[in-house]
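All remarks here apply to the structure that follows.
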Amino acid sequence: MKFTKKELNALEKIIASRRDVRGNSFTSKKISQKKLNRILNAALHAPSVGYSQPWRFVIVDDKQKHKVYKHFKNSFDKSKLKFRDRPVYNSLKLEGIKESNINIAVYYKKPKKNVLGQTYMKRTGEYSVVCAILNMWLTARAMNIGMGWVSILKPKKVNKILDINKKEYKFIGYLCFGYVKEFYDEPEFKTIKWNKTNKIKDCIL
Ligand SMILES: Cc1cc2nc3c(=O)[nH]c(=O)nc-3n(C[C@H](O)[C@H](O)[C@H](O)COP(=O)(O)O)c2cc1C
């Protein structure tokens with residue numbers, strides 16, 4: 001199968017306009033099961049080391065969501081110490097846990113036997129899960145659904161809240177999905193000048 005220039009343009013547009021969506025942008029509109037399945041299906045099409053497909057998902061319920069939010073708040077407050085030299089950090093909204101319609105915790109299932117390709121680089125399993133997350137992010141964006149990745153969380157605490165107590169599962173990411181009022185044209189951290197945007201030449205070693 002060959003793609004057209006128009007399809008390539010559409011893909012590039014989706015990639016360039018994907019944003020991390022935070023609580024100040026989510027609306028209360030619900031995501032249908034059909035749309036959620038489409039997002040999960042995109043994850044299942046991700047590349048994975050040795051075709052191990054090591055991703056696992058927890059669809060977080062409302063009670064758990066509130067507990068995760070409480071934990072986030074606590075962790076965020078503690079993290080402020082690390083950014084004392086940049087006071088704007090204290091006023092940033094860095095999640096949309098409660099405002100978003102669906103929260104999904106993504107886990108890596110550690111292999112029980114040898115995985116082709118993972119012999120010397122153990123973390124390729126986790127990289128595979130991250131590939132799945134990006135597929136979800138882009139597919140959501142293509143459906144005009146926002147996603148925000150929350151990482152100011154302690155994995156052990158998240159596991160406890162979600163009742164994931166087996167050592168074979170490693171917490172990778174906490175994702176918040178929902179419809180949005182608007183997608184910003186550029187990353188918020190660019191807008192507020194937290195970091196500058198790299199060009200290709202800045203990234204070539
Ligand atoms: C692994 C990972 C963890 C992230 N964790 C957070 C987070 O905890 N809070 C947050 O506001 N954004 C988080 N982000 C989103 C980034 O801040 C965002 O991708 C970056 O600023 C670029 O903006 P954009 O995604 O809107 O283009 C995370 C992104 C990644 C890839």
Original post:
With respect to the cross-link table entries K6/K196; K13/K35; K2/K29, which display a Cα-Cα separation exceeding 28 Å?
Top reply: K6/K196; K2/K29
Subject >> Filter on K93/K190; K34/K70; K30/K156; K73/K93; K63/K157 - keep pairs with C-alpha separation over 18 Å >> reply: K34/K70; K30/K156
Subject >> Point-to-point label distance, L134-K34, nm (Cα→Cβ direction, 7 Å offset) >> reply: 3.0 nm
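Starting from the stretch 71-152, pick out the chymotrypsin sites (Phe, Trp or Tyr not before Pro) whose DSSP state is loop and whose Cβ has at most 11 other Cβ atoms within 10 Å.
Working: sites: F72, F76, F83, Y89, Y107, Y108, Y120, Y127, W137, W149; in loops: Y120.
Passing sites in the stretch 71-152 are Y120.
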**OP:** State, as an integer percentage, the relative contact order of the stretch 119-205 based on alpha-carbon contacts under 8 Å between residues 6 or more apart.
**Re:** 29 percent
Subject >> For the stretch 140-146, 3J(HN,Hα) per residue [Karplus equation, 6.51 cos²θ - 1.76 cosθ + 1.60, θ = phi - 60°, Hz, x = Gly/Pro] >> reply: 4, 4, 5, 9, 6, 10, x
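Check each of the chymotrypsin sites (Phe, Trp or Tyr not before Pro) in the stretch 155-198 and keep only those in coil by DSSP with at most 14 other C-beta atoms within 10 angstrom; list them in order. Could you put the intermediate results ahead of the total?
Working: sites: Y169, F171, Y174, F177, Y179, F183, Y184, F189, W194; in loops: F183, Y184, W194.
Listed in order of number, the matching sites are F183, W194.
Short version: what are the Cα gyration tensor semi-axes of the chain, square root of 5 times each eigenvalue, largest first, in whole Å? Numbers along the way, then the final one.
Details: eigenvalues 129, 116, 78 Å².
Here the semi-axes work out to 25, 24, 20 Å.
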**OP:** Rank L36, L11, L44 by mean-square fluctuation in a GNM of the chain with C-alpha springs under 10 angstrom and give only the top-ranked residue.
**Re:** L11
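Only the coordinates and a few stated rules stand behind these numbers; no lab work does. Note that the structure is predicted; figures quoted are calculated from it, not measured. Cβ coordinates were reconstructed from backbone atoms using ideal geometry, including for glycine residues, and neighbour counts include every protein chain displayed.
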